[in-house]
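Below is one structure, written out as structure tokens, with a few remarks after it.
The values are calculated or read from the model by the stated rules, or taken from the named source; none is laboratory data. Here the structure is a predicted model, which means the values were calculated and not measured. Reconstructed Cβ throughout: ideal geometry from the backbone, glycine too, with neighbour counts over all protein chains shown. All accessible areas refer to the heavy atoms of the entire protein, side chains included, with ligands and DNA or RNA removed. Shrake-Rupley method; radii C 1.70, N 1.55, O 1.52, S 1.80 Å.
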Amino acid sequence: MSGPEEQLQEMAESLYHDKIFSQRAYQRAMVRSMTTIASVPHFRYVEEINCDGLMKLKSAFQKENIDPDIKFTFLPVLIKSLSMALTTHPLVNSTFNLENYEVTLKGSHNIGIAMATPSSKYG
């Protein structure tokens, strides 16, 4: 039996490696029917979240900050939160191999951010 430090080390090492597993028959049927209906290359999710605690944290940082060049923004905190959520729900961060009916759980997170600005194509 390994101790907590060894278990933590094993878990940390396994987090950043892709894992591939074969799908069962009913999963293969679902994938087959879903891909014939539509192939969508990107995942889009919209959710409103309560950021009151984050606003208080930002206010506390600003009060303690003596350097005017250092700014606290929400984006790094939100990206880290998203990365932690992807670790908890690895199927959201996976790819399907239709030829072998395998799912690859990605070991790393590639998070893209799009901003609506007056000069952007999203604005």
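State the label only: which of (1) 2, 7, 12, 14, 14, 14, 13, 10, 7, 4, 2, 1, 0; (2) 2, 9, 15, 17, 14, 12, 9, 7, 6, 4, 3, 1, 0, 0; (3) 2, 7, 5, 5, 4, 5, 4, 4, 4, 4, 4, 4, 4, 3, 3, 3, 3, 3, 3, 3, 2, 2, 2, 2, 2, 2, 2, 1, 1, 1, 1, 1, 1, 1, 0, 0, 0, 0 corresponds to P(r) over Cα pairs in 5 Å bins from 0, in percent computed from the shown model? Entry (1).
Heavy atoms of the protein chains alone define the surface here; on that basis the range 57-106 has 77 Å² accessible area per residue at 1.4 Å probe size.
Note on residue 32 and residue 10: with the Förster distance fixed at 22 Å, the Cβ-Cβ geometry gives a FRET efficiency of about 0.05. What angle do you read, to the nearest 10 degrees and between 0 and 90, between the alpha-carbon axis of helix 52-64 and the longest principal axis of the chain? Result, in degrees: 40. Counted without the sites themselves, the longest stretch of the chain free of trypsin sites (Lys or Arg not before Pro) in a DSSP loop having at most 12 other beta carbon atoms within 10 Å is 72-120. Taking label positions 7 Å along the Cα-Cβ direction at both residue 114 and residue 17, the computed distance is 3.5 nm, reported to one decimal. Loop-resident GluC sites (Glu not before Pro) (DSSP state other than H, G, I, E or B) in the range 63-123 with no more than 15 further Cβ atoms inside 10 Å of their Cβ: 99.
The solvent-accessible area of residue 49, taken with every protein chain present and a 1.4 Å probe, is close to 110 Å². Considering only protein heavy atoms and a probe of 1.4 Å, how much of the accessible area of the chain is carbon and sulfur, as a whole percent? Of the solvent-accessible surface of the chain, carbon and sulfur hold 59 percent. Note on residue 34: accessible area approximately 110 square angstrom, rounded to 10, probe 1.4 Å, nucleic acids and ligands left out.
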